[in-house]
1. Only one of 261, 201 is on the phi < 0 side of the Ramachandran plot and more than 16 Å from the chain's Cα centre (by Cα). Can you tell me which?
2. Which ones in the stretch 86-109 are touching a residue at least 12 places away in the same chain (Cβ under 8 Å), loosely packed, with under 15 Cβ neighbours inside 10 Å and assigned to a strand (DSSP E or B)?
3. Could you check the stretch 163-276 for helices (runs of 4 or more DSSP H) lying wholly inside it with 1 or more residues that are within 27 Å of residue 289 (Cα to Cα)?
4. Checking the structure you have, find out if any residue of the stretch 231-245 is within 24 Å of residue 77 (Cβ to Cβ) and modelled with pLDDT under 90.
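The values are calculated or read from the model by the stated rules, or taken from the named source; none is laboratory data. Given the structure is predicted, the values throughout are model-derived calculations rather than measurements. Quick reminder, even Gly has a Cβ in these numbers, built from the backbone with ideal geometry, and neighbours come from all protein chains shown.
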Amino acid sequence: MAKQVQKKQLGLGVRALLNNIETQTQEKQAEVVRELTHTVAVIPLEEIEVNPFQPRVEFDAEALEELALSLKTHGLIQPLTVRRLADKQYQLISGERRLRASKIAGLTEVPAYIRLANDQEMIEMALVENIQREDLNAIEVAITYQRLIDECSLTHENLSGRVGKKRSTVTNFLRLLKLPPDIQKSLKEGGISMGHARALLGVEDLATQGLIFKDVLAKDLSVRATEDLIRNYSQPAAHKPAPAKLSGDYAAVEGNLKNYLGARVQLKVKPNGSGQISIPFTSTEDLNRLLDLIEK
């Protein structure tokens with residue numbers, strides 16, 4: 001209940017800023033723009049329209065379903081960015097993939113940064129100023145970098161010059177936003193370090209990545225131990241023959257089970273149609289987690 005009241009109060013505060021913007025002086029408007037650059041509002045999905053000039057028109061359906069499944073559990077970590085058109089009417093600036101996945105997940109409202117018309121220079125100055133704060137966590141830094149790129153049309157090279165960081169540093173922060181929401185959330189809350197996150201980025205298979213992430217938390221692994229664990233997962237056992245390649249339908253079933261269970265599920269199918277499903281677990285807690293999911 002307290003969380004709902006807090007959301008409502010935040011929404012009212014943002015709406016009050018927006019509703020008064022037209023009647024304020026230019027100096028006051030600039031202050032409002034600065035305030036909105038780091039204030040996250042909660043906006044109903046029905047009030048957000050897509051950008052008609054969005055260059056990207058094709059989205060991977062399976063990837064959207066996977067993101068939607070994650071959003072149902074962890075919510076939207078990286079807010080959308082929208083432009084205010086009128087009261088209760090917004091246009092998407094960045095985050096269409098997240099917007100589409102939110103709709104698939106059945107969310108009714110999403111967190112978003114609100115921009116006003118013709119405020120690009122002020123937005124850039126405010127974001128660059130905000131990034132200099134010392135209390136930002138790695139995800140907050142990454143989100144701000146991404147906003148500068150999306151909203152101010154900056155390249156990685158331009159951005160590194162604006163914020164006074166090496167281009168490689170900027171790129172490493174931006175890569176963090178490719179991590180699944182649960183890993184981003186852990187990094188944001190201090191459950192893992194940026195070193196852990198960078199190591200996990202090297203794991204391409206999402207199910208394996210999720211399994212290693214759970215090991216890191218359960219065993220409180222150091223960054224070096226995490227890197228060693230990833231190497232062990234990456235090295236195929238020499239004595240085991242390569243598994244037969246699954247057909248499209250069976251591969252889809254295996255992939256869905258991996259995503260749902262967050263485990264290295266292996267599906268083996270014989271020519272006569274019989275087979276088996278292998279689901280490894282790392283601890284009693286992990287086994288109980290798997291059993292809970294299977295019972296659902």
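1. Values: 201 fails: more than 16 Å from the chain's Cα centre (by Cα).
When all the criteria are applied, what remains is 261.
2. 89
3. Values: elements: 167-175, 181-189, 194-201, 206-219, 223-234, 248-261.
Result: 181-189, 194-201, 206-219, 223-234, 248-261.
4. no
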